[in-house]
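A short write-up of the structure that comes next.
The values are calculated or read from the model by the stated rules, or taken from the named source; none is laboratory data. Because the structure is predicted, anything quoted here is derived from the model rather than measured. Methodologically, a virtual Cβ is constructed for each residue, glycine included, from the backbone with ideal geometry; neighbour enumeration extends over all protein chains shown. Note: accessible area is taken over every heavy atom of the protein model, side chains too, but ligands, DNA and RNA are not part of it. Shrake-Rupley method; radii C 1.70, N 1.55, O 1.52, S 1.80 Å.
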Amino acid sequence: KTSPVRKSSLRTDDTFESISELGSLELMSRDLGLAPYGPLKKSISADSLSSISSIGNNFGQDFTVGQVEVSMEYDGKAATLHVTLLQGKDLLEKEDARFESCFMRISLLPPEQIVGISRIQRSAYAVAFDEHFSIPLDPSALEENSLRFSVFGIDEDERNVSTGVAELKLSDLDLAMRPFSAWLYLQDMNKVTLCVLQAVDTVGEILLSLSYLPTAERLTVVVVKAKNLVWTNGKVTADPFIKVYLLQDGRKISKKKTAVKRDDANPVFNEAMIFSVPAIVLQDLSLRVTVAECGEDGRADNTGHVLIGPAASGMGITHWNQMLATLRKPVSMWHPLRRN
């Protein structure tokens, strides 16, 4: 594909009206609860990028066994979480002929309490659930609990076999502020477990906010903060900063970076990065967010990264879909950082 000609994110001749169309960074800061960290800042733009990169790999896609669309809304007055199973597709692998039907189960973690079971579906490849479940849940539990969505195939002996799982931490979804709706990728836990045993542990977490303004055709990424960073090469300390790449078909078409934080494994950045993104190509793009360490010789060692967008899996695609479902509103989520 040919990348469209793009305008710079912010121009010196921008008028007050054109900037206000983006929504105030101060209002965004307040909406994200960033007031304790000071005013929201604009990021530093990087020079042009033209190299082909392999950083658009579909991490985790080899383990997916279908998708399910869910929505959630929290009623604070009634202390109740309302969950809707909307639809599913490719819930069982097509080549697996053992399963002629399936159903979904919703569990609250911990302590693995079953809170909803769908009707049995005879087709696993295009399912319209449209089933609603109400879960009594105190507001404090939104910070402590997760939901697990599990699909079960029913074999010829009428045994229920777990085939795919998706989990969401309720604290990542900001349900007290706004409803949540997204497609979730279901993971083959047998393959995921094997991969985890072979993989290196994550090297920290990063809190990001995404929002898209269709009238201005601008994507805003707020790098809020990171925590529990693990440095490369056994370093005791380092000076971290964040690089955000906008990718199209694996090609880096734009890059921005934050300021450097000195000697901090739990840095607070609170920087907004604004990319000019036509709506027509939005589904062809992804974001790669990289934590890097500023070295004494001027070189940067990459600590870890996360991929967000249609090419991602898990929270990476969930965050992207939630952004598209709530246009103009910032959506914040924590992401684990994978070692480079």
With every protein chain left in place, what is the accessible area of Leu173 in Å² (1.4 Å probe, nearest 10)? 10 Å²
As a test of reading the structure, rank Val161, Val127 by solvent-accessible area (1.4 Å probe, protein chains only), most first. Val161, Val127
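Which whole-number percent of Cα pairs in the range 203-339 have a distance greater than 25 Å? Spell out each step's value before the answer.
Details: 2162 of 9316 pairs.
Here the long-distance tail beyond 25 Å is 23 percent of all Cα pairs in the range 203-339.
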Can you give me the P(r) profile for the range 64-191? Cα pairs, bins 10 angstrom wide beginning at 0, each as a whole percent. 13, 45, 30, 11, 1
Report, to two decimal places, the Cα Rg of the range 282-340 normalised by 2.2 N^0.38 Å (N = number of residues). 1.33
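On average over all directions, what projected area in square nanometres does the range 249-296 have, based on the convex hull of its Cα atoms? Before the final figure, lay out the partial values.
Values: hull surface 18.8 nm².
Approximately 4.7 nm², given one-decimal rounding.
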GluC sites (Glu not before Pro) lying in DSSP loop within the range 270-340, provided at most 10 other Cβ fall within 10 Å: Glu296
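At a 1.4 Å probe, what is the % contribution of carbon and sulfur to the accessible area of the range 64-191? Mind dumping the intermediate values first?
Values: 3020 of 6480 Å².
With neighbouring chains kept in place, the figure for the range 64-191 is 47 percent.
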SASA check, Ser123, accessible area w/ 1.4 Å probe, all protein chains in place, rounded to nearest 10 Å², comes out at 50 Å²
Counting Lys and Arg as +1 and Asp and Glu as -1, each charge on the Cβ, what is the dipole of the range 203-339 about the Cα centre in debye, to the nearest 20? 180 debye
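Sort Arg148, Arg178, Arg122, Arg251 by accessible area with a 1.4 Å probe, largest first. Walk me through the intermediate numbers first.
Numbers: Arg148 55, Arg178 25, Arg122 185, Arg251 90 Å².
Sorted descending by solvent-accessible area, the residues read Arg122, Arg251, Arg148, Arg178.
Determine the share of the range 247-328's accessible area contributed by carbon and sulfur atoms, expressed in whole percent, with a 1.4 angstrom probe. Working shown, then result.
Values: 1270 of 2970 Å².
In the range 247-328, the share of accessible area belonging to carbon and sulfur is 43 percent.
At a 1.4 Å probe radius, which order do Phe275, Phe133 fall into by accessible area, largest first? Before the final figure, lay out each step's value.
Details: Phe275 5, Phe133 30 Å².
Ranking Phe275, Phe133 by accessible area, largest first, yields Phe133, Phe275.
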Counting only protein heavy atoms and leaving out ligands, DNA and RNA, the solvent-accessible surface of Ile120 at a 1.4 Å probe, in Å² to the nearest 10, equals 90 Å²
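With a cut-off of at most 10 other beta carbons within 10 Å, and DSSP calling the residue loop, which GluC sites (Glu not before Pro) in the range 107-165 qualify? Please list them. Can you show the working numbers first?
On the way: sites: Glu112, Glu131, Glu143, Glu144, Glu156, Glu158; in loops: Glu112, Glu144, Glu156, Glu158.
When the GluC sites (Glu not before Pro) of the range 107-165 are filtered for loop state and at most 10 Cβ neighbours within 10 Å, Glu112, Glu156, Glu158 remain.
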